[in-house]
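Peer 1: Dumping the structure here so I can ask a few things about it.
Computed from the coordinates by the stated procedures, all read-outs in this text should not be read as laboratory data. Values in this document were obtained by computation on a predicted structure and should not be read as measured data. Positions of Cβ are generated from backbone atoms using ideal geometry, with glycine treated the same way; all protein chains shown enter the neighbour counts.
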Amino acid sequence: MQEAYSIINSQRWASPGVRAVGIVNPATEEAIGRVELIDAQGLDQALAAAARGFMLWKNTSAYERAAILRKAVGIIRSRQDEIARVMTLEQGKPLAEALAEVVASADNIEWMAEEATRAYGRLLVPRNAGIHQLVRREPVGPVASFCPWNFPALTPARKIAGALAAGCSLILKPAEETPLTALHIVNAFHEAGVPGEVLGLVYGDPQQVSEHLIASPVIRKISFTGSTPVGKLLLGLAARGVKRATMELGGHAPVVVFDDVDPARTAQQAVAAKFRNAGQVCTSPTRFYVQAGIYPQFVQAFADAARAIRVGDGMDAAVQMGPLANSRRIAAMAALTEDTLASGARLACGGKRIGTRGYFFEPTVFSDVPENARIMQDEPFGPIVPIASFTSLDEVAARVNALPFGLAAYAMTRSLARATAISGLLEAGMVGINHYTVSTPASPFGGVKESGYGSEGGTEGLDAYLVTKCVTQRSS
Ligand code: NAD
């Protein structure tokens, strides 16, 4: 049995009678460990440490901060197999995907470590002689970050890297359902030399923790990844203290497939992207709009490829899709399937839970899905996908943009003119044309509309933790 716990000042937080909840392997439903939940006194200790940590870290040279972050990268890389294994056990994704996530986490930290030394300000041209004016970029202050369970290493790594590169201290609250992976990541930073006060780790009741931390005057910025309803809740709390916020919320990414592509090849690529992490990805391609001329061939190839996916325990190297991360997702998939069938859509494959032990659900494909079906409006966050057809560019653009979400969007075409036109029309923070990799260390990751605002990654990911100060100085 493994234990996860809060860390304050580099020390395991402990309290008599501490409450704990179990950590469950979603492939077997067996308990693999427990996570201790912090109380209000513990949170106050974490806040006091973050306040001290900020004064310490903002006055540490950016070059020194960068060197420490690079050291953390080396530690994570040296333990990547072990961290990936823990991730698969507590979250369920196939081991190869877990390993790719740990590799990506290290790459993101490395990129941000380099960026730490490029937080340039600027010199203004003064209107009067003897006046010097400069714009400084300074760290915003102590940050509280909240992470979900779908990317247990990458989301914490990105939030820690951006904040620490900018010179902020950080209290991280990962998901209680996948706490062991985040513990590894945080330990790597501490071992690399990040002072204990600069990076705190807390697990607890999510509502209690977020309300307590965000209400504290110590916290100057929040960063949240998760669902839009919870994001709105946290934004409301942040607004009371006029605190900055980066919100990476839900999406419902459309894929517009034009009739000039090879339907079979395009469908196979789409299936690989859609069922990654069992569809529990905020940028997952989740609504397919296929031009009428290739619609039947695309649906057939998509269903064939989905049916061929090997589903099972992610520890088995032959498995391509693991279980869903928790039992809530199984219930959600069953309800969504029933609802989509009732809408008049055609079930092309899947539609059922697999077995009774482990949270496995069949890759499920619906075609001829009416626009008013719930699945066309609500993010499925699981291995269910709707496909519908369209005729013209203007018609499809209106349909895909009708939702309140705008995280990722995709289009498949061999026409430069169509690619340019659709890129301009799609209301999204990230657009993928002819591929699905919209997240890299150098690219800004974030959405528009109710998918949130602000970015992680890229130069924008550092800017998110900086404020500007204009200093105007008279020399005599
Ligand atoms: P949820 O909305 O209850 O929780 C989402 C995450 O937010 C969890 O990690 C949870 O611990 C955290 N959370 C919940 N209430 C909180 C609070 N008051 N303060 C701070 N954190 C809080 O739902 P869920 O059942 O875990 O996931 C369901 C939905 O969440 C999915 O359908 C999906 O739309 C969304 N989700 C999105 C992402 C993403 O990457 N954007 C990740 C996970 C889940």
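Peer 1: Return the Rg/Rh ratio of the range 261-300 with Cα-based radii and a Kirkwood Rh. Intermediate values should be presented prior to the final figure.
Peer 2: Values: Rg = 10.8 Å, Rh = 10.7 Å.
Result: Rg/Rh = 1.00.
Peer 1: Helix-derived [θ] at 222 nm for the chain: sum -39500 (n - 2.57) over DSSP H runs of at least 4, divide by residue count, nearest 500?
Peer 2: Computed mean residue ellipticity for the chain: -12500 deg cm²/dmol.
Peer 1: Then there is this: Hydropathy at least -0.5 by Kyte-Doolittle, axial extent at least 15 angstrom from the Cα trace: which helices of the chain, defined as entire DSSP H runs, fit? Walk me through the numbers before you get to the answer.
Peer 2: Working: long enough: 40-58 (27 Å, 0.33); 62-78 (24 Å, 0.31); 80-91 (16 Å, -0.54); 95-115 (30 Å, 0.33); 154-166 (18 Å, 0.77); 179-192 (20 Å, 0.63); 228-240 (18 Å, 0.88); 263-274 (16 Å, -0.38); 295-307 (18 Å, -0.07); 327-342 (23 Å, 0.30).
Passing helices, by number: 40-58, 62-78, 95-115, 154-166, 179-192, 228-240, 263-274, 295-307, 327-342.
Peer 1: Still on this structure, I have one more. Given H placed on each backbone N at 1.01 Å, which residues far from VAL257 in sequence or on other chains put an amide H within less than 5 Å of it?
Peer 2: Answer set, sorted by chain and number: TYR289, VAL290, GLN291, MET412.
Peer 1: Once Rh is set to the Kirkwood radius over Cα pairs, what Stokes-Einstein translational diffusion coefficient, in µm²/s, holds for the chain at a temperature of 4 °C and a viscosity of 1.567 mPa s?
Peer 2: Values: Rh = 23.2 Å.
Once the numbers are plugged in, D ends up at 56 µm²/s.
Peer 1: Also, I was wondering about something else. So for HIS190, HIS212, HIS435, HIS252, fewest C-beta neighbours within 10 Å to most, what's the order?
Peer 2: Numbers: HIS190 17, HIS212 22, HIS435 10, HIS252 25.
Ascending number of Cβ neighbours within 10 Å: HIS435, HIS190, HIS212, HIS252.
Peer 1: Can you sort ARG414, ARG127, ARG85 by how many other beta carbons sit within 10 Å, fewest first?
Peer 2: Working: ARG414 11, ARG127 7, ARG85 17.
Final ranking by Cβ density, sparse to dense: ARG127, ARG414, ARG85.
Peer 1: Only Cα pairs under 8 Å and at least 6 apart count here; give the relative contact order of the chain as a rounded whole percent.
Peer 2: Taking the mean separation of contacting Cα pairs over the length of the chain, I get 19 percent.
Peer 1: Under a 5 Å amide H to amide H cut-off, with H placed in plane at 1.01 Å, what residues pair with ALA20 once short-range neighbours are removed?
Peer 2: Amide H neighbours of ALA20, under 5 Å, 5+ apart: LEU37.
Peer 1: If the only charges are +1 at each Lys and Arg Cβ and -1 at each Asp and Glu Cβ, what is the size of the charge dipole of the range 201-351 around the Cα centre, to the nearest 20 debye? If you can, show how the numbers build up before the last one.
Peer 2: Details: 15 positive and 11 negative charges, 121 e Å.
My answer is approximately 580 debye.
Peer 1: Give me log10 I(q)/I(0) at q = 0.20, 0.21, 0.22 Å⁻¹ for the range 362-476, Debye formula, one equal scatterer per alpha-carbon, no solvent.
Peer 2: The computed values of log10 I(q)/I(0) come out as -1.25, -1.32, -1.38.
Peer 1: Same structure, new question: Could you tally the net charge around ALA301, taking each other residue with its Cβ under 12 Å from the Cβ of ALA301, Lys/Arg +1 and Asp/Glu -1?
Peer 2: Numbers: positive: ARG265, ARG307; negative: ASP262, ASP304.
Around ALA301, the surrounding residues sum to 0.
Peer 1: May I pose another question? Taking the highest mean first, how do the peptides 446-452, 379-385, 89-95 order by number of other beta carbon atoms within 10 angstrom per residue?
Peer 2: Working: 446-452: 22.9, 379-385: 25.4, 89-95: 27.3.
Final packing ranking: 89-95, 379-385, 446-452.
Peer 1: Another question, if that's okay. Mind checking the dipole of the range 298-422: about its Cα centre, +1 per Lys or Arg Cβ, -1 per Asp or Glu Cβ, Debye to the nearest 20? Don't skip to the answer; put the middle values down first.
Peer 2: Details: 12 positive and 12 negative charges, 51 e Å.
Charge dipole of the range 298-422: 240 debye, to the nearest 20.
Peer 1: At q = 0.16, 0.27 Å⁻¹, what is the log10 ratio I(q)/I(0) for the range 338-381, with the Debye formula run over Cα points and no solvent?
Peer 2: So the normalised log intensities are -0.45, -1.00.
Peer 1: Here's a follow-up. For the chain, what is the charge dipole size about the Cα centre, in debye to the nearest 20, if Lys and Arg each add +1 at the Cβ and Asp and Glu each add -1 at the Cβ? Spell out each step's value before the answer.
Peer 2: Numbers: 45 positive and 44 negative charges, 277 e Å.
That gives a dipole near 1320 debye.
Peer 1: Output the peptides 129-138, 168-177 sorted from most to least packed, where packing is the average of other Cβ atoms within 10 Å over each peptide's residues. Each step should come with its number before you reach the end.
Peer 2: On the way: 129-138: 13.1, 168-177: 26.0.
Going from most to least packed, we get 168-177, 129-138.
Peer 1: Can you list the equivalent-ellipsoid semi-axes of the range 68-153, largest first and in whole Å, using the square root of 5 times each Cα gyration tensor eigenvalue?
Peer 2: Numbers: eigenvalues 342, 40, 18 Å².
The equivalent ellipsoid of the range 68-153 has semi-axes of 41, 14, 9 Å.
Peer 1: Roughly what % antiparallel, to the nearest 5, for the DSSP beta bridges in the range 1-66? Kindly include the intermediate steps, with their values, before the conclusion.
Peer 2: On the way: 9 of 12 bridges.
The answer is about 75 percent antiparallel.
Peer 1: Step through the table entries LYS243/LYS469; LYS173/LYS274; LYS221/LYS469; LYS93/LYS274, compare each Cα-Cα distance with 19 Å, and write down the pairs that go over it.
Peer 2: Numbers: LYS243/LYS469 17 Å; LYS173/LYS274 28 Å; LYS221/LYS469 17 Å; LYS93/LYS274 14 Å.
Violating the 19 Å limit, Cα to Cα: LYS173/LYS274.
Peer 1: Now for a different question. Quick one: LYS469, LYS243, fewest Cβ neighbours within 10 Å first, how do they rank?
Peer 2: Details: LYS469 11, LYS243 22.
Listing LYS469, LYS243 from fewest to most nearby Cβ atoms yields LYS469, LYS243.
Peer 1: Amide H to amide H, which residues 5 or more places from ALA348 or on other chains are under 5 Å from it, using H placed in the peptide plane?
Peer 2: VAL365, PHE366, SER367
Peer 1: If you count the DSSP beta bridges with both ends in the chain, what percent of them are antiparallel, to the nearest 5? Walk me through the numbers before you get to the answer.
Peer 2: Working: 31 of 70 bridges.
Percent antiparallel among DSSP bridges in the chain is about 45.
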